[in-house]
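**Student:** Just dropping this structure here.
Every read-out reported here was derived from the displayed coordinates using simple, explicitly stated rules and does not represent laboratory data. These numbers were taken from a predicted model, which means no experiment stands behind them. A quick note on method: Cβ atoms are made from the backbone with ideal geometry, for glycine too, and the neighbour counts reach across all protein chains shown.
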Amino acid sequence: MSLNTFGHIFRVTTWGESHGPALGATVDGVPPNVEITPEMLQVWLDKRKPGQNKFTTQRREPDEVEILSGVFEGKTTGTPVQLMIRNTDQRSKDYGDIVEKFRPGHADITYWQKYGIRDYRGGGRSSARETAARVAAGGLARAALDKLVPGIEIKGYMTQMGPHGIDRARFDWDQVEQNPFWTPDAVAAAEWADYLDGLRKSGESVGAVIEVVARGVPAGLGAPIYGKLDTDLAAAMMSINAVKAVEIGEGMAAAALTGSANADEIYMGPNGPEYSSNHAGGILGGISTGQDVVVRFAVKPTSSILTTRKTITKSGEPAEIITKGRHDPCVGIRAVPVGEAMMACVILDHLLLHRGHVGENQGKIG
Ligand SMILES: Cc1cc2nc3c(=O)[nH]c(=O)nc-3n(C[C@H](O)[C@H](O)[C@H](O)COP(=O)(O)O)c2cc1C
């Protein structure tokens, strides 16, 4: 059984472990003639790269991506693209304690229960280093989308750190690239810096909420029932390490609204239908409306913290563990480019599905 692949036409299979020689992604179904270079993918990997500031793990990995196949003279050929990232900072001694003990909040115990064998070095396959492969694949998806849907934009940002949310009245799209938290609220960024610094110094950690928006997605992507765009987006985001909840548009808050408040009214604009609001998150009946596609996900606090935690050993003896090594006090920061990558992969996949099944949109309005 192979469970390391996602996507229907644009299919991404990731492989590798945290402390193996390398990890990567095999990407099949890539449209041909898409201009791509390792440097174009590197832009996104650098966004996810650890050690960029004091708020992310000090693990030093250049995360340089190599393209091994599927590209000829700078363009995709339509054949599988093999992407590889070598692991260069494997200090296995940092993780020695977890050979016998299960770290609370980690997958150590469940991998052991399920498989009876686990690569304990840095969490092995469960390590979020795997997300570097997704980000590389997402870069490929972005390049294909840029060609097929010019002007499409995919952007992620943090809207909450621990209990502290942004003020949407201060939302500034251009601010996202200006602070270490990828947040659109400059005031929140300054407050979070102090807050997270305190947590980091005390060896604690905190969760976060990340929102990812795809702008310029054409109407018509997605299909009814089992092929819903939101189904695939939710699965894609939920598959990211540490993600515990996913929302589309209004999400959980929709339950508290009345029908008149929630149903986005439709009117005719100069270039086609427009909506008075976007509670639906750009998706109706599983199919994109042409509005922004808005997905939000919650990331749990980093489990590896510098406090002693109770656990058990493989033989069932009670034990205590402190997870030494280098860790992010808030993994939500580095989850932002991962969420963007998953959005890009799912949107491209559904664009290809739509073109294969329907071609051009059938129902014209106006
Ligand atoms: C980008 C990113 C970086 C992460 N880094 C860490 C880390 O440094 N320490 C840690 O305990 N968990 C980290 N995690 C979360 C763990 O990988 C995850 O909690 C663990 O594998 C268990 O899986 P689950 O939380 O999805 O159940 C990170 C997650 C992401 C998305």
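**Student:** Express in nm, to one decimal, how much length is gained between residue 357 and residue 322 on full extension, taking 0.36 nm for each residue of separation and deducting their alpha carbon distance.
**Tutor:** Computed gain between residue 357 and residue 322 is 7.3 nm.
**Student:** OK, next. Under a 5 Å amide H to amide H cut-off, with H placed in plane at 1.01 Å, what residues pair with residue 312 once short-range neighbours are removed?
**Tutor:** Correct list: 102, 319.
**Student:** Sequence-distant or interchain residues sharing an amide H contact under 5 Å with residue 78, placed H: which?
**Tutor:** 33
**Student:** Whose amide H sits under 5 Å from the amide H of residue 56, counting only residues 5 or more places off or on another chain, with H placed in the peptide plane?
**Tutor:** Result for residue 56 returns 51.
**Student:** Using alpha carbon centroids, what distance separates the stretch 204-249 and the stretch 115-171, in Å?
**Tutor:** A separation of 11 Å, based on Cα centres.
**Student:** Quickly work out the residue 225-to-residue 73 label distance, labels modelled 7 Å from Cα along the C-beta direction, and quote it in nm with one decimal.
**Tutor:** Here the answer is 4.6 nm between the modelled labels.
**Student:** Tell me, in nm to one decimal, what length is gained between residue 244 and residue 277 on full extension, where the rule is 0.36 nm per residue of separation less the Cα-Cα distance?
**Tutor:** Net length gain for the segment: 9.2 nm.
**Student:** So if each residue of separation counts as 0.36 nm, and I subtract the Cα-Cα distance between residue 215 and residue 35, what length gain in nm does that give?
**Tutor:** Answer, rounded to one decimal: 62.6 nm.
**Student:** Any idea what the relative contact order of the chain is, in percent, if you count C-alpha pairs under 8 Å spaced at least 6 apart?
**Tutor:** 22 percent
**Student:** Also, quick follow-up: Give, as a single signed number, the net charge of other residues whose beta carbon lies under 10 Å from the beta carbon of residue 298, with Lys and Arg counted +1 and Asp and Glu -1.
**Tutor:** +2
**Student:** Please give, to one decimal in nm, the separation of the simple spin-label points placed at residue 197 and residue 112, each 7 Å out from Cα toward the Cβ.
**Tutor:** In this crude spin-label approximation the distance works out to 3.9 nm.
**Student:** With θ set to phi - 60°, apply the Karplus curve 6.51 cos²θ - 1.76 cosθ + 1.60 along the stretch 186-193 and write out the HN-Hα couplings as whole Hz, x wherever there is a Gly or Pro.
**Tutor:** 4, 5, 4, 4, 5, 5, 5, 4
**Student:** Another one. How do 173, 182 rank when sorted from fewest to most other Cβ atoms within 10 Å of their own Cβ?
**Tutor:** 173, 182
**Student:** Can you bin every Cα-Cα distance in the stretch 236-322 into 5 Å intervals starting at zero and give me the percent of pairs per bin, rounded to whole numbers?
**Tutor:** 3, 11, 15, 14, 12, 10, 8, 6, 6, 7, 4, 3, 2, 1
**Student:** For the stretch 1-155, take the convex hull of the Cα atoms, compute a quarter of its surface area, and give me that in nm², please.
**Tutor:** 10.6 nm²
**Student:** Divide the volume of the convex hull of the Cα atoms of the chain by its number of residues and quote the answer in cubic angstrom per residue.
**Tutor:** Taking only Cα atoms, the chain has a hull volume of 153 Å³ per residue.
**Student:** Apply the Karplus curve 6.51 cos²θ - 1.76 cosθ + 1.60, θ = phi - 60°, to the phi angles in the stretch 4-16 and return the couplings in whole Hz, x for Gly and Pro.
**Tutor:** For the stretch 4-16, the Karplus curve yields 10, 10, 9, x, 9, 10, 7, 10, 10, 10, 9, 9, x Hz.
**Student:** In straight Cα distance, which lysines are under 23 Å from residue 310, not counting same-chain residues fewer than 8 positions off?
**Tutor:** Hits, sequence-local ones excluded: 93, 101, 114, 201, 244, 300, 324.
**Student:** Here's another thing I want to ask about it. What ranking of 327, 8 emerges when the number of other C-beta atoms within 10 Å of each C-beta is taken as an exposure proxy, fewest first?
**Tutor:** The fewest-first ordering by Cβ neighbours comes to 8, 327.
**Student:** Can you work out ³J(HN,Hα) from phi for every residue in the stretch 283-300, in order, using Karplus 6.51 cos²θ - 1.76 cosθ + 1.60 and θ = phi - 60°, giving whole Hz and x for Gly and Pro?
**Tutor:** Karplus-based 3J(HN,Hα) across the stretch 283-300 equals 9, 10, x, x, 10, 5, 9, x, 7, 4, 8, 10, 10, 10, 9, 9, 10, 6 Hz.
**Student:** Set the Förster distance to 56 Å, then compute FRET efficiency between residue 260 and residue 146 from the Cβ-Cβ distance, nearest 0.05.
**Tutor:** Efficiency at R0 = 56 Å is approximately 0.90.
**Student:** Select from 229, 359, 323 the residue farthest towards the positive end of the dipole of the chain; place +1 on Cβ of Lys and Arg, -1 on Cβ of Asp and Glu, and compute about the Cα centre.
**Tutor:** 323
**Student:** In nm, give the distance between the simple-model label positions of residue 170 and residue 15, each being 7 Å from the Cα along the Cα-to-Cβ direction.
**Tutor:** 4.7 nm
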